Each structure stands twice: as C-alpha cells, then as structure tokens.
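Reviewing the structure listed below.
Nothing in this text is a laboratory measurement; each read-out follows from the coordinates by a stated rule. In this text the structure is predicted, and so the values were computed from the model without any measurement. Note that we place each Cβ from the backbone using ideal geometry, even for glycine, and neighbour counts take in every protein chain shown.
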Amino acid sequence: MKVYLVGGAVRDQLLDYPVKERDWVVVGATPELMLQQGYQQVGRDFPVFLHPETKDEYALARTERKTSPGYTGFAVHASPDVSLEDDLLRRDLTINAMAIDDQGQLIDPYNGQADLNNRILRHVSPAFSEDPVRILRIARFAARYKHLGFTVADETLQLMSKMVQKGEVDALVAERVWQEMDKALSERHPEEFITVLRQCGALSVILTEIDCLFGIPQPEIYHPEIDTGIHTLMVLQQASLLSNKTTVRFAALCHDLGKCASPKQGLPGHHGHEEKGVEIIKRLCERLRIPNHHRDLAVITSRFHLHVHRALELRAETLLKTLEQLDALRKPERFEEFLTACLADIRGRKGLETTDYPQADYFRGALEAINHIDIEPLKAQQLKGPQMAEAIFNMRLNAIKKYV
C-alpha cells in the first residue's frame, strides 16, 4: 500500500499558489484494508475514504470506462493492481496528473510540470472527451490562472469543440453547470470562463442568453467598445475588481441581457432593454436552478441600473420610488451590491475603466435622508393602513426634496 498526494494540491504547490485542499491516491489497497485502518468510506460510485484524523479524501487508484453519454456514464474499476500511472491517465489536464510520494519526489508521467512552466492547459489523453464537465472545468481553470498567463492548448480547444459538435454538452445537468459557473465567478478573471466557453462553441449551448450578446451593437457615444458581448465581459471584469461576491459578479454578467431582445431595425438603440432583461434573467435562473439571492440582485440590476446612471436627472418622487422598489431600507447590504454592479457597468467600457461615479453616492445620500425621518408623530395620529403608508411616503418625499 502506497499513498500519493495528487491533483490540485501538487499543481498549486508547484505554482506557489495557495493550496485549499489535499487529495490522495492509494495504490495497492482494498476497501477492507482502508476500513481496518480507521478510514471512513464516503464514495458510493467508487471507493473514496476520509482520513480518521485529517478528514482529507483518500481514493483508491482507479480506471474508468465510458458506458453511456454524459458525465455520469462511466464504469469504475478500482483494485490493488491499478497503478498510479493508470490512475493519473484518467485525469483531465496534464497539470492535474502529477503526484508526490511520501519521500517528496514528484511523479510526472504526462509532462505536467512542463505544461505548468509553459502556462498551458492541455488534456492528458483522448479520454478527456468522454466527460463534458471537463469543458466547464478547463474554462474555470482558465479563469483562475489567467493572471499567471495560462492559455488553453490549441489541440485541447479543438477537442472541446468536437465534443460540443457531437452533443456531449447537451447531457450536462443544470446543477453541475451552475456549480462550475459559480466557482468560476469566484475566480480572479471570471470573464475568461465565458471567453473559453465561447471559443469552443459551448457558450451557445450552455448560456445562450450570454452568447447572443456578441455581435449586437450599442451606441458608440456611450459604448466605445460597441459590441454588447465585449461590454459584458468588461463589466464582469470590473465587477471582479470591485467585489469578491458572486452575486455582484452574476448581476454584472446579466445586466444587459435584455439587449438580445432589441428589434434589429432599432439598433444600435436598446429602448426598454432594462425591463426586457428581467424575464430573460428569470428564465435563465430557473433553467440552471440558480439561487434566489443571485437572481434577485440580477433582476434589480437589470431593471434599475439606468436609474442610477441618470440619478442627477431624476425627480424626487422617482428617486424615492426607485429606492422603495429596490427595497433599500430593508436590504441595505443588497442595495450596496446593486450600486457596485452599476459602477461595474459604467467602468466596463473602453477607456472608462477608472471613471468616477458620483451617482452612487447621490443614491446613498437619498437613502440616508429617508432613513433619518421620525415617524413617531404619525403614530400619535393613530393613522392606519393606506393612510399611514401615504403619510410615510409624503414624509420621505419631503426629505428627498430637501436632500435634492
């Protein structure tokens, strides 16, 4: 029985990158032997065990054989005669197919270290094409390591394209797509996730709502980059600089989805795209089973981002109604996330990446003004129902007018 550190921990250790978790492969063991040594079995489809003290995952060396379409259609073979090289061969990327033994020696049968040094994401073997989730994983790794100069190997990108053409991506289930997408949104360059999926053709299958934005023009006076898809990537990049919250980044990604529904004869104008985007976002979130807090922030960002951009032009009553519709009084944290997404939209334009955004502070000031009103006198009048609501609205409106 031999134990090896494998996968991401080896890769990130060699990159001098933070190691978040450690996975181990055990060669020459059986499930019975692992249980005898106090390990707890957790894998149902293949033997994976938790260490009795560290709780790290220890998997028996295994091979896989494709039995049906999709990412679950595999027969797994785990036995003491499966070698470390056999186990590493089934992995996705060469940089993930390295191991370190108990003496600290690197075992690298598929030249992962060379690809690591050359900053290349390359598949280990043709078996890569058997699992469509690997397309999402490569795009996610591209998002994680773009700042280090990593790119996807041409032959790997070609293989991914063939997988899309053969319909392998169609077998992906919603939960797995969102799981990988959510992880990608947390990386340093989430826009690269979208770029790689588009390069191999997977974006048009997985995220048609995003893919359709590319090629749609916008008025150059407001958008020097012109292309809506390019603008969306720039906004997502800015959002990742402004916030580490995936809710904000998802809202940035979805803020202009309504522009796909703009009539061609009216281009490059996009009248009413804010409200059109709401239903598109809701359908996207329902299809991929995206959490409600992501959906809700994306919806209000689509619906109201132009209100903030035009804040200094708004009448006091419109400003107040917008704050109420944003539920800013009850959800100030979400309100701040919304303003951050709006700032990302402004800065996600060619040449405007560092522009000031006084509109956000204007909205914050308006919220602070109505936060400080005293409704105790109204309670003394014993107003009820609609009368109380109208009286509170008028007090808030007067506060906003004074602020303006």
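Odds and ends about this structure:
- A simple rule links phi to the HN-Hα coupling: the Karplus curve 6.51 cos²θ - 1.76 cosθ + 1.60 with θ = phi - 60°, which for segment 193-198 gives 4, 5, 4, 5, 4, 6 Hz, with x for Gly and Pro.
- The chain: relative contact order in percent, alpha carbon pairs under 8 Å with at least 6 residues between: 10 percent
- Neighbourhood net charge (12 Å Cβ-Cβ; Lys/Arg +1, Asp/Glu -1) for His189: +2
- Stokes-Einstein D in µm²/s, Kirkwood radius over Cα pairs - segment 272-316 at 20 °C with 1.002 mPa s viscosity: 190 µm²/s
- With 10 Å bins from 0: P(r) over segment 154-275, alpha-carbon pairs, percent: 13, 40, 34, 12, 0
- Approximate spin-label separation Glu317-Gln41, in nm, with each point projected 7 Å along Cα-to-Cβ: 7.1 nm
- Relative to one another, the C-alpha centroids of segment 328-391 and segment 120-193 are positioned 40 Å apart.
- Backbone phi angles across segment 227-244, fed through the Karplus curve with coefficients 6.51, -1.76 and 1.60 (θ = phi - 60°), yield HN-Hα couplings of 5, 5, x, 4, 4, 4, 5, 5, 5, 4, 4, 5, 4, 6, 7, 8, 8, 9 Hz in residue order; Gly and Pro are listed as x.
- Debye intensity ratio I(q)/I(0), log10, the chain, q values 0.09, 0.10, 0.15 Å⁻¹ (C-alpha model): -0.67, -0.78, -1.30
- Estimated FRET transfer efficiency (Thr354, His271; beta-carbon r; R0 35 Å; 0.05): 0.75
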